[in-house]
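Reading through the structure tokens given below for one structure.
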Amino acid sequence: MAQRGGILSLACVLATICAPLPVLAQTPGATDEAVGPAGASGVLSFPPEFFAEARPTTASEMVGRVPGFVMIDIEQDVRGLAGATGNILVDGQVPSLKSVSLRSFLQRIPAGTVERIDLIRGGAPGIDMQGQPVVLNIIRRGGSYSTLSSTVFVKVYPEGGPGGHARIEAARRSDAFSLEGTLSFRDELMQMDSGNGPVSLRSADGTLIQSGDFSTDFRTRALEGGLAAEFDLGAGNLRLNSTLRSNNNDRNELYELVNVMTGLVRETTASAFESTGGELGADLEYRLSERWLSRLVLIQTYERDTQLSGSTGRRAPEEASEIATAMESILRGSATFQASDALKLEFGAEGAFNSLDVESSLSSGGVPVILPVANVLIEEGRADVFVAASWSPMDGIDLELSARYERSTISLSGDARQEKTLSYFKPRFLAGWEVRPGTQLRLRLEREVGQLDFEDFAASTDFGEGVVSAGNPDLEPEVADVFEVTAEQRFWGRGAMLLSYRHDRVQQVVDLIPVAGRFDAPGNIGDGTRDEVRLSLTLPLDRLGVSGAIVRFNGTRRWSSVTDPVTGQDRRISGERPFEGDIQISRDLPSLRSTVVLEGDLAYSSRSYRLRQVQTTEQGGWWKLFWEYSPRPDLAFRFQVENFSSRERTRIRELYSGPRDVAGISAIERRSATFEPFFFARVRKTF
């Protein structure tokens with residue numbers, strides 16, 4: 001019945017959004033001509049008029065409106081800057097930051113300060129594509145101006161008390177100097193991870209062992225502040241930035257069960273997580289001559305995480321703790337030579353030093369449990385040199401050939417002592433062909449080398465998932481030879497469709513391996529393959545009779561294959577989602593100064609394979625409906641109903657009496673949690 005109600009609600013929402021409004025006139029900026037002419041081969045320019053009907057307040061909202069573009073956020077867990085930069089440029093440069101997401105960074109840029117947005121496909125003179133086939137360049141207007149804005153969010157939950165988020169941003173810009181600052185605080189219930197529902201445990205033949213109810217709540221509190229400055233040096237620019245943050249999470253789970261043999265069983269798990277950290281960065285760009293441009297980036301990050309958790313119930317009380325301190329220092333230098341309008345060369349090098357100090361422990365009934373590699377200090381020195389050439393031999397064809405050589409030395413001390421040196425050659429070839437105006441084909445051939453997660457070197461405990469993972473100091477990174485082809489078709493001014501196919505031939509797949517016949521640990525399980533088909537569609541409905549309405553869809557279908565290290569049988573790689581996608585239906589109502597949006601993340605599933613269990617997670621769709629109202633250019637309201645379909649998340653664990661290769665399934669646990677809808681309101685004021 002809940003599912004049927006969700007479908008009926010969705011149908012009503014669609015009917016409301018798509019209902020004809022014949023009195024609404026199409027305003028300037030909504031026509032096909034709203035997209036400016038290409039400034040170079042494969043470059044589309046979007047002026048502020050293109051976004052006018054939606055009345056965006058920040059650059060983040062403008063980026064979400066660019067047809068056929070999906071933002072790749074900064075990979076904050078990747079060490080170094082190479083491969084961690086996303087696909088967003090600001091004034092032609094990659095933002096020099098690591099610990100702040102691109103979405104948060106773009107929220108600091110008021111929409112009124114954006115001169116235009118360029119969608120660059122294949123390359124453009126003076127633009128560093130960072131190896132991405134498509135990037136978005138946000139160009140801010142010049143001159144002097146000051147902005148001050150504040151945003152207040154309020155979330156009302158069915159239970160657990162209200163939540164909120166407050167943010168203030170200020171900027172002052174002149175031709176020679178600019179200063180930006182932001183301060184935010186949030187206290188909210190993480191509804192996507194909180195909920196309640198039934199849980200059951202049955203034997204392999206279906207006989208009920210125990211059943212009852214399960215509930216979980218996850219609360220987070222975070223404080224973050226940032227300050228950035230930019231100086232015009234005449235022949236270049238100096239940018240300085242700093243960020244400080246503090247985060248606290250509390251998660252509690254409760255099982256109230258009835259066991260057919262022992263009666264009432266009450267189990268609890270609780271964890272408290274604290275994190276503090278910050279980042280300092282400097283970015284110097286200097287033009288040496290008309291053809292030579294140099295850039296030097298320095299970044300220092302620090303983070304300290306503390307987690308305490310406990311579990312009570314049928315077994316003796318268990319307690320676990322983990323303290324992890326991470327630091328990273330990055331120095332990167334590059335030089336770009338613009339040989340001609342058609343040819344650009346880039347050279348550079350990057351050095352980075354990383355460290356992670358982990359102390360973890362586990363006790364059961366007050367008795368310490370010996371964990372493999374519980375306390376360890378990991379240190380890494382990394383060097384990366386690169387050269388790249390971008391060439392446009394003729395109008396409509398863009399080529400890029402690059403090569404990187406990476407060498408790193410990783411040393412461990414503490415419970416594990418060893419040192420190893422890894423080196424990899426990483427070539428890349430990109431090609432773009434503008435078949436005709438609006439139609440482009442792109443090809444990518446690349447060797448990708450994954451990065452090791454230092455936390456995988458140390459042991460960890462997750463009472464919520466009921467697993468203890470050992471550390472593995474012998475872990476090596478994945479290496480994948482990638483073939484990817486993309487076809488892009490643009491239509492109706494605001495419409496775009498992208499279809500891509502990707503094939504990865506993977507060496508040293510990182511998955512889970514058995515350790516000491518008792519624990520699981522991240523490890524390499526041999527070679528495998530990954531295949532992926534991705535569809536991205538932006539469909540304006542003006543020509544279909546619904547003015548101001550746009551449908552956006554992103555969907556990815558995946559296949560993978562690897563040999564299970566326990567059973568020796570072929571299976572997909574742990575944690576991979578066979579399908580995931582999202583959809584958005586929006587309608588701009590200029591006469592009402594409003595936009596109505598229906599947005600949803602589609603259902604997906606994933607599976608992981610351990611020594612003594614196979615776990616499947618099934619996640620239902622997450623839908624939200626919101627109304628944006630801007631009575632004045634300096635004032636915007638949003639009223640939103642989140643998760644109105646009451647998403648359900650189900651975890652199924654197939655438990656084996658021993659290793660999966662020699663033992664059969666002894667029990668199957670099924671746990672479902674339903675997440676209740678909640679209300680969200682936001683007001684943003686610009687002064």
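The values are calculated or read from the model by the stated rules, or taken from the named source; none is laboratory data. Not measured: the values here are computed from a predicted model. Reconstructed Cβ throughout: ideal geometry from the backbone, glycine too, with neighbour counts over all protein chains shown. With ligands, DNA and RNA removed, areas are computed over all heavy atoms of the protein, side chains included. Shrake-Rupley method; radii C 1.70, N 1.55, O 1.52, S 1.80 Å.
Once you put a point 7 Å from the Cα of Asn248 and another 7 Å from the Cα of Asp661, both along the Cβ direction, what distance in nm separates them?
Going by the 7 Å Cα→Cβ label model, 4.8 nm.
Okay, which of the range 571-607 sit inside 13 Å, backbone N to the point 7 Å along the Cα-Cβ direction of Val152?
none
Which order do you get for Ile583, Ile370, Ile410 if you rank them by accessible area with a 1.4 Å probe, largest at the top?
Values: Ile583 40, Ile370 140, Ile410 0 Å².
Of Ile583, Ile370, Ile410, the descending order of accessible area is Ile370, Ile583, Ile410.
Using amide H atoms built 1.01 Å from N in the peptide plane, name the residues 5+ places from Asp91, or on other chains, whose amide H lies under 5 Å from its own.
Those qualifying (amide H under 5 Å, at least 5 residues apart or on another chain) are Ile138, Ile139, Arg140.
Which lysines does Lys155 reach when only Cα atoms under 16 Å apart count, and residues fewer than 8 places away in its own chain are ignored?
Partners found: Lys624.
Extension gain Thr312-Glu274, at 0.36 nm per residue separation less the Cα-Cα distance, in nm?
Length gained between Thr312 and Glu274: 11.5 nm.
If the chain between Ala52 and Glu618 were fully stretched, how many nm would it gain, using 0.36 nm times the residue separation less the Cα-Cα distance? Present the calculation step by step, with values, prior to reporting the outcome.
Numbers: separation 566, 0.36 × 566 = 203.76 nm, distance 3.96 nm.
Between Ala52 and Glu618, full extension yields an extra 199.8 nm.
Report D for the range 537-582 in µm² per second (integer): Stokes-Einstein, Kirkwood Rh on Cα pairs, 20 °C, 1.002 mPa s.
Using the Kirkwood radius from Cα pairs, D works out to 156 µm²/s.
Once amide H atoms are built 1.01 Å from N in the peptide plane, which residues 5 or more positions from Val114, or in another chain, come under 5 Å H to H?
Result for Val114 returns Arg141.
Round to the nearest 0.05 the FRET efficiency obtained for Glu532 and Asp341 when R0 = 41 Å and r is the Cβ-Cβ distance.
FRET efficiency, Glu532 to Asp341: 0.70.
Between Leu635 and Ser203, what FRET efficiency comes out of the Förster formula 1/(1 + (r/R0)^6) with R0 = 51 Å and r the beta carbon distance, rounded to 0.05?
E between Ser203 and Leu635, to the nearest 0.05, is 0.25.
In whole Hz and in residue order, list the ³J(HN,Hα) couplings for the range 410-418 that follow from phi through the Karplus curve 6.51 cos²θ - 1.76 cosθ + 1.60, θ = phi - 60°; x for Gly and Pro.
10, 10, 10, 9, x, 5, 10, 10, 6
Over the range 388-457, what is the relative contact order in whole percent, taking alpha-carbon pairs under 8 Å and six or more residues apart?
Reported relative contact order: 26 percent.
How do Lys624, Lys344 stack up against each other in accessible area, from largest to smallest, with a 1.4 angstrom probe?
Lys624, Lys344
Per residue, how much accessible surface does the range 598-687 expose to a 1.4 Å probe? Answer in Å², no decimals.
42
Find the accessible area per residue for the range 311-420; the probe is 1.4 Å, ligands and nucleic acids are left out, and the unit is Å².
Roughly 47 Å² per residue, with all protein chains present.
Kindly write out, for the range 60-66 in residue order, the coupling ³J(HN,Hα) from the Karplus curve 6.51 cos²θ - 1.76 cosθ + 1.60 (θ = phi - 60°), rounded to whole Hz, with x marking Gly and Pro.
Karplus-based 3J(HN,Hα) across the range 60-66 equals 4, 5, 5, 4, x, 9, 6 Hz.
Accessible area of Val66, 1.4 Å probe, to the nearest 10 Å²?
About 0 Å², rounded to the nearest 10.
Round to the nearest 0.05 the FRET efficiency obtained for Gln418 and Asp462 when R0 = 35 Å and r is the Cβ-Cβ distance.
Values: r = 26 Å, r/R0 = 0.74.
Once rounded, the FRET efficiency stands at 0.85.
Leaving ligands, DNA and RNA out of it, report the carbon-plus-sulfur percent of the accessible area of the chain at a 1.4 Å probe.
About 58 percent, which is the carbon plus sulfur part of the accessible surface.
With N denoting the number of residues in the chain, provide Rg(C-alpha) divided by 2.2 N^0.38 Å, to two decimal places.
1.00
For Glu580, which sequence-distant residues (separation of 5 or more, or a different chain) have an amide H within less than 5 Å of its own amide H, given hydrogens modelled in the peptide plane?
Residues meeting the criterion, in which the H sits 1.01 Å from N, are Thr556.
Mind checking the full-extension length gain between Ala681 and Ile323? Use 0.36 nm per residue of separation minus the Cα-Cα distance, one decimal, nm.
125.2 nm
Convert each backbone phi in the range 588-598 into a coupling constant with the Karplus relation 6.51 cos²θ - 1.76 cosθ + 1.60 (shift: θ = phi - 60°), then list the ³J(HN,Hα) values in order as whole Hz, x for Gly and Pro.
Rounded to whole hertz, the list is 8, 10, x, 5, 9, 6, 9, 9, 10, 9, 10.
Against the longest principal axis of the chain, how steep is helix 2-18, in degrees 0 to 90 to the nearest 10, with axes from Cα atoms?
On a 0 to 90 degree scale, this one is about 0.
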